[in-house]
Amino acid sequence: MERFETFTVLMAKINRNIRRIKLHEMSQHNLGSVHTSCLYYLSREDSLTAAELCELCQEDKATISRALSRLEADGYVLSRESEGKRYKAPIVLSEKGEAVGGEIAAKIGAVLDSIGKELSPEERVEFYRCLNIISACLEKAANA
């Protein structure tokens, strides 16, 4: 069972540290981890729908809906509702959202650069290849 314990502990630690980084970055804006992801992805695109954010953030519809409501109420995003279909309406960053989204993207870049210094380009390619295999196998097992 050592392999199982090592795998699950390391995956949990990685996930916990990613959440800590997200929470630390958002604490000054009084926002949470899911808001980090929404602002990051919106900063990379001209606009996204809630449905697209669900897919990108790997979060359910209710979580993204609550996050977007909060971000809109706090002036970070603008929703362009069309025909009452909020879930499929384009969402864009406001000026305030663009500023915070830029900060988030810069921080993510710095973290990834820091990790990149520890891995050769070949190791990084192999790491992501393995991570994709692991993810696909776990998804298959979870849906069996």
Looking at (1) touching a residue at least 12 places away in the same chain (Cβ under 8 Å); (2) surrounded by 14 or more Cβ atoms within 10 Å (Cβ to Cβ); (3) charged (D, E, K, R), can you tell me which one residue 80 breaks? (2)
Exactly one of these conditions fails for residue 95: (1) surrounded by 16 or more Cβ atoms within 10 Å (Cβ to Cβ); (2) free of Cβ contacts under 8 Å to residues at least 24 places away in the same chain; (3) not aliphatic (A, V, I, L, M). Give me its number. (1)
Can you pull out every residue in region 101-133 that is more than 17 Å from residue 11 (Cα to Cα) and β-branched (Val, Ile, Thr)? 104, 108, 111, 125
Search result, residues across region 113-144 that are modelled with pLDDT under 90 and of a type in the set (A, V, I, L, M): 115, 144
Got a number for residues in region 46-72 being closer than 11 Å to residue 35 by Cα and touching a Pro at 6+ places or on another chain (Cβ under 8 Å)? 0
Can you pull out every residue in region 111-144 that is closer than 24 Å to residue 28 by Cα and surrounded by 10 or more Cβ atoms within 10 Å (Cβ to Cβ)? 111, 112
Every listed condition ((1) under 25 Å from residue 33 (Cβ atoms); (2) at pLDDT 95 or above; (3) out of contact with any helix residue (DSSP H, G or I) (no Cβ under 8 Å at 6 or more places or on another chain); (4) not basic (Lys, Arg)) holds for residue 98 save (3)
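The values are calculated or read from the model by the stated rules, or taken from the named source; none is laboratory data. Nothing here was measured: the structure is a model prediction, and the numbers come from that model. No Cβ is skipped: glycine too gets one built from the backbone with ideal geometry, and neighbour counts run over all protein chains shown.
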